[in-house]
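Chemist: Sharing a structure below in structure tokens format, with a few things to ask.
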Amino acid sequence: MPRPEQRMSKLFWRLLITAGAAVGTFLLTSVLNEDDGNIWQWTASIVIGSATLIVQYLVDFGERFEKVDRRFAQIIAATELFSQVDGSVLRSEEVTRLVLGYTKVREQGGDITQAFAEKELGRLAKMMEGLGGGSANCPGENHEWLIDLTDCVKMTLDATSTSVDREFWTSGPAARYLAAQEKAIKRRGVEIRRLFIVRTEDEVTPELRALCDDQRRRGIDARIAVRTLMESHPRVSDFIVFDSELCHETKPDQENNPDSTLLSAEPDHIEDHITQFADLWAEAERQQTTEPEPEPVTSET
């Protein structure tokens, strides 16, 4: 909505243009008609000035009508969108909150607040579009996706952990992630399996064993698999499958550091990673059964 000073400025220019048209008409008719007392000069000036003012208002009305027409089109599109939302799994009240919150930011927020809100909204829209097409990705590690998905999982969570994310387990987000998993186990009965994969037996350190023990105490079935001891040589990657429906995958860069995060709901992709995890888990079980038993400690007499 235009501000009062903007409306006053617009009115001033309209009157100025109208007066200019009237004066110009009066001067022109004076030049063409030497009879200064002819009322036709005044009549022509008034008619032309009035017509100029009317034309300005018609132009303004046309612009306003065009804006109203666009607004109606937006309302119709929004109505159709909300009708689709009402019939979907996504709760319409959450979409309403998003729209209302964004509207408040646009009305009351400063420039940087508005810019930040638009950037976050764009990021959300991009993720929704991606998931609608079967997959979404983002650069680096996305810990919020990881924790939010754990809060949403209902039945199973199968995960591998390679050297790509080994440093993650000593970070702050890891504590939140494990707390979310523990809650999922205790409150919703979610079954969680995690397989730590190392290249050689030398990488099975006391720290790694302690990490497994800590996760087992939380209710997670955590195991270790050594790649050099695997018989079938299955593919190895860093991923998590939630409820056999959505796969969270960490892609490494050339230096084996986390480079990007992929979410995929494509059936073939999910089935491939379910099979991959089953093969790796079977290898871990085989290695566990073939581990030599520790020699009994005999006391000296």
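Chemist: Does R123 satisfy being without any contact (Cβ under 8 Å) to a residue 24 or more places away in the chain, assigned by TED's automatic domain parsing to the domain that holds E266 and closer than 18 Å to S260 by Cβ?
Modeler: no
Chemist: Can I240 be described as in the same structural domain as R166 (by TED's automatic domain parsing), closer than 11 Å to R194 by Cβ, within 30 Å of the chain's Cα centre (by Cα) and among the hydrophobic types (A, V, I, L, M, F, W, C)?
Modeler: So I240 fits the description; yes.
Chemist: Across region 99-132, what is the number of residues that are among the basic types (K, R) and under 28 Å from P267 (Cα atoms)?
Modeler: Result for region 99-132: 2.
Chemist: So which of T228, T250 is in the same structural domain as L280 (by TED's automatic domain parsing), in contact (Cβ under 8 Å) with a residue 60 or more places away in the chain and not in a loop (DSSP other than H, G, I, E, B)?
Modeler: T250
Chemist: Oh, and also: Within region 136-152, is even one residue over 24 Å from the mean Cα position of the chain (by Cα) and modelled with pLDDT of 90 or more?
Modeler: No, the conditions are met nowhere in region 136-152.
Chemist: Looking at region 205-223 only, could you name the residues that are out of contact with any helix residue (DSSP H, G or I) (no Cβ under 6 Å at 6 or more places or on another chain) and either within 19 Å of T289 (Cα to Cα) or surrounded by fewer than 18 Cβ atoms within 10 Å (Cβ to Cβ) (or both)?
Modeler: T205, P206, E207, L208, R209, A210, C212, D213, D214, R216, R217, D221
Chemist: Could I ask something else about it? Return the residue satisfying two criteria in turn: it lies in region 150-176 and is of a type in the set (A, V, I, L, M) and either surrounded by 19 or more Cβ atoms within 10 Å (Cβ to Cβ) or outside the structural domain of A282 (by TED's automatic domain parsing) (or both), and of such residues it is farthest from Q276 (Cα to Cα).
Modeler: My answer is V153.
Chemist: Let me ask another. If R176 passes every condition in (1) more than 26 Å from the chain's Cα centre (by Cα); (2) without any contact (Cβ under 8 Å) to a residue 40 or more places away in the chain but one, which one does it miss?
Modeler: Going through (1) more than 26 Å from the chain's Cα centre (by Cα); (2) without any contact (Cβ under 8 Å) to a residue 40 or more places away in the chain one by one, R176 breaks only (1).
Chemist: Can you list residue pairs whose Cβ atoms sit under 7 Å apart, with the first residue in region 234-245 being over 16 Å from L157 (Cβ atoms) and modelled with pLDDT of 95 or more and the second being small (G, A, S) and not in a strand (DSSP E or B)? Count only pairs 6 or more apart in sequence or on different chains.
Modeler: Every condition considered, no pair remains.
Chemist: Next question, about the same structure. Name the residues in region 247-258 that are surrounded by fewer than 20 Cβ atoms within 10 Å (Cβ to Cβ) and within 27 Å of C152 (Cβ to Cβ), would you?
Modeler: Passing the criteria: E249, K251, P252, P258.
Chemist: Check off (1) β-branched (V, I, T); (2) at pLDDT below 85; (3) surrounded by fewer than 12 Cβ atoms within 10 Å (Cβ to Cβ) for V95 and give me the number that stays unchecked.
Modeler: Here V95 meets the rest and fails (3).
The values are calculated or read from the model by the stated rules, or taken from the named source; none is laboratory data. Treat the numbers as computed from the prediction; the structure is a model and nothing was measured. Virtual Cβ from ideal backbone geometry, glycine too; neighbours counted across all protein chains shown.
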